[in-house]
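The values are calculated or read from the model by the stated rules, or taken from the named source; none is laboratory data. It should be emphasised that the depicted structure is a prediction, and the values quoted were computed from it without experimental measurement. FYI the Cβ positions are ideal-geometry reconstructions off the backbone, even for glycines, and counts take in every protein chain you see. Keep in mind that these areas ignore ligands, DNA and RNA; they rest on the heavy atoms of the full protein, side chains included. Shrake-Rupley method; radii C 1.70, N 1.55, O 1.52, S 1.80 Å.
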Amino acid sequence: MELSTRDPKLETRNFFLLSTLLLSVLFSPLDSLAQNQTRGVFRQSRILMGTSVEIIISRAHPKTAEKAMEAAFQEVERINRLMSHYRPESEVSQISRHAGKKEIRVSPETLEVIERALYFSRLSGGAFDITLGPVFRLWDFRGGKIPDGEKLRENLKRVDYRRIKFDRSRSTVYLDDPRMEVDLGAIAKGYAADRACLVLKKEGIENFLVNAGGDMRAGGRKEKEIPWTVGIQHPRLRSHFIARIQPQNAGIATSGDYEKYFLKDGQRYHHILVPSTGRPARECQSVTILAPTAMDADVLATTVFVLGSKKGFALIEDLPGVHALIVDRRGSVLLSPKWPAGVLLPP
Ligand code: AMP
Ligand code: MG
C-alpha cells in the first residue's frame, strides 16, 4: 500500500521540539468529558523522563483507577531514577562514570533493558547503539550547528555496543573503554510504559493506554465495542494525521525526523543518527512500529528508521507480532507485508 504525504508548502521553518508527542490518542468530542467519572474514563498527564507521560484508564471504579494511576506514575519515576543519563546517581550514569575502571552492579530492570538493546544492536548489525552518547552530544539541534568533522571522527571511536560487557549471574555491567557512555534515550521510555502497564494490571485495571512521549502500550479496549485509537502524525504537516491505528494489547511507537531537527542549506539534520557515521539517517521521515511490548516498539522504530524500508522490513519479518508503517524519504507510506487487517484506518 502506498499513499503520498508530499507537500510543497513544507520545510519552511526550523524548529525544535523537546518532547513532541509523536502519536496522539484520538478521542471523540465526548471525550473532552474524560474526567467525567460517570463514564469511567480517567486521564492524567505528568512531565516525567523529560517528556509528557499520559495514562488513560477506562471502565474502572474511580477508587481503583485513582490508586492504580498513582502507582503507575510512581513506577515510571522509579525507572527514570534507574536509567536517566541526566541524573548523576542513576545506574546508567554510574556505568558511564566508571567506564574502563570497574563493573557496576545494577538492578534486574536496568540489566534487562541493556540486554534487550544489545540484542537489537546485534540483530541490526549496529544500526541501534546505546553507546552513541559521545557523538550525539556534538550535535546542537537547538543552535542548528553541524559538528566539526574531525571531532565527529574522534568521538566515533568511542561508539561500539560490542564493548559493553555484562554478567547476568552477578547483574553487572562494564564499559570496556574509559571514554564510553550509555544512553538509553531510544529504549527507556518504551520500557517505562511497559512497566506502568504491569502495575496497572496488578492493581486490577484491564483497559488502559500509557503514552510515554509517543511510546505507547494499549491494553483492553476504550469502550466495550471500541478499541483504543491512535493517530499517526504527518511528518511534515503539524497537527495532521496520516492514518489511525487501533492497537490491540500491543506496544506502538514512532520515530520521526521532525522531533529535534534544524534545516541548513536545504538539508534536514535530526536526532536519529547512523552509528557508523554519526550523521542523521536519511532513509525515512518517520517509522511507526507495532510490537508486543512498548520497549520493542521503541527500539525498533529507531532501528528501522536507521535501516530504511528494505532492510527494516527484512529485519522485522521474522519477529512475531512486529509490524511497521514507514514514511520514506520521498513521503510515500509503506506497510510491512504482514500488516494486520483492520488495525489501520484512514485519518
Ligand atoms: P527515538 O526518538 O526513540 O527514535 O530515540 C532517539 C534518541 O535515541 C535520540 O535522542 C538519541 O538520544 C538516541 N539515538 C539516536 N540515534 C540512535 C541510534 N541509532 N541508536 C540508539 N539510540 C539512538
Ligand atoms: Mg525509539
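Each principal axis of the stretch 267-347 carries a Cα extent, and these read 37, 25, 20 Å when sorted largest first.
Between Ile226 and Glu89, the FRET efficiency from the beta-carbon distance, with R0 = 56 Å, is close to 0.80. If you take the Cα centroid of the stretch 183-203 and the Cα centroid of the stretch 217-251, the two points sit 18 Å apart.
Once divided by 2.2 N^0.38 Å, the Cα radius of gyration of the stretch 204-245 becomes 1.35. Dividing the summed helix terms, -39500 (n - 2.57) for each DSSP H run of n ≥ 4, by the number of residues in the chain produces a 222 nm estimate of -8500 deg cm²/dmol to the nearest 500. Excluding same-chain neighbours fewer than eight residues apart, the lysines reachable from Lys310 by a Cα-Cα span under 29 Å are Lys9, Lys157, Lys189, Lys260, Lys264, Lys338. Here the label points at Lys157 and Thr64, each 7 Å from Cα along the C-beta direction, are separated by 6.0 nm in the simple model.
Given +1 at the Cβ of Lys and Arg, -1 at the Cβ of Asp and Glu and no other charges, the dipole of the stretch 121-186 around its Cα centre is 140 debye to the nearest 20. Is the stretch 208-347 best put as rounded, prolate or oblate by its Cα gyration tensor, with a ≥ b ≥ c the root eigenvalues, rounded for a/c under 1.5, and otherwise prolate when a/b is larger than b/c, oblate when not? Verdict is prolate for the stretch 208-347. The charge dipole of the chain, taken about its Cα centre with unit charges on the Cβ of Lys, Arg, Asp and Glu (plus for the first two, minus for the last two), comes to roughly 360 debye.
Ranking Ile79, Leu300, Ile47 by how far each Cα lies toward the positive end of the dipole of the chain (charges on Cβ) leaves Ile47 at the top.
Between Leu263 and Asn249, the simple spin-label model (points 7 angstrom out along Cα→Cβ) gives 4.5 nm. Spin-label model, Arg142/Thr277: points 7 Å from Cα along the beta carbon direction are separated by 2.7 nm.
The stretch 278-308 and the stretch 42-87 have Cα centres separated by 24 Å. Residues whose amide H lies under 5 Å from that of Ile272, counting only those 5 or more places away or on a different chain, are Ala281; hydrogens are built 1.01 Å from N in the peptide plane. Here the contact order of the stretch 91-175, divided by its residue count and restricted to Cα pairs under 8 Å and six or more residues apart, works out to 42 percent.
Rolling a 1.4 Å probe over the protein heavy atoms of the stretch 91-175, with every protein chain left in place, gives an accessible area that is 48 percent carbon and sulfur. Couplings 3J(HN,Hα) for the stretch 308-322, derived from phi with the Karplus relation 6.51 cos²θ - 1.76 cosθ + 1.60 (θ = phi - 60°), are x, 5, 5, 5, x, 5, 5, 4, 7, 3, 9, 8, x, x, 9 Hz, where x marks Gly and Pro. With all projection directions averaged, the alpha carbon convex hull of the stretch 247-298 covers 4.2 nm². Between the beta carbons of Lys202 and Arg97, assuming R0 = 41 Å, the FRET efficiency works out to 0.75 to the nearest 0.05. Shape descriptor for the stretch 160-271: Rg over Rh equals 1.09 (Cα atoms; Rh from the Kirkwood inverse mean 1/r).
Per the Debye calculation on the chain with a single equal scatterer at every Cα and no solvent contribution, log₁₀ I(q)/I(0) for q = 0.10 Å⁻¹ amounts to -0.59. Normalised by 2.2 N^0.38 Å, where N is the number of residues, the alpha-carbon radius of gyration of the stretch 91-175 equals 1.20.
Accessible surface area normalised per residue over the chain is 45 Å², counting heavy atoms of protein chains with a 1.4 Å rolling probe.
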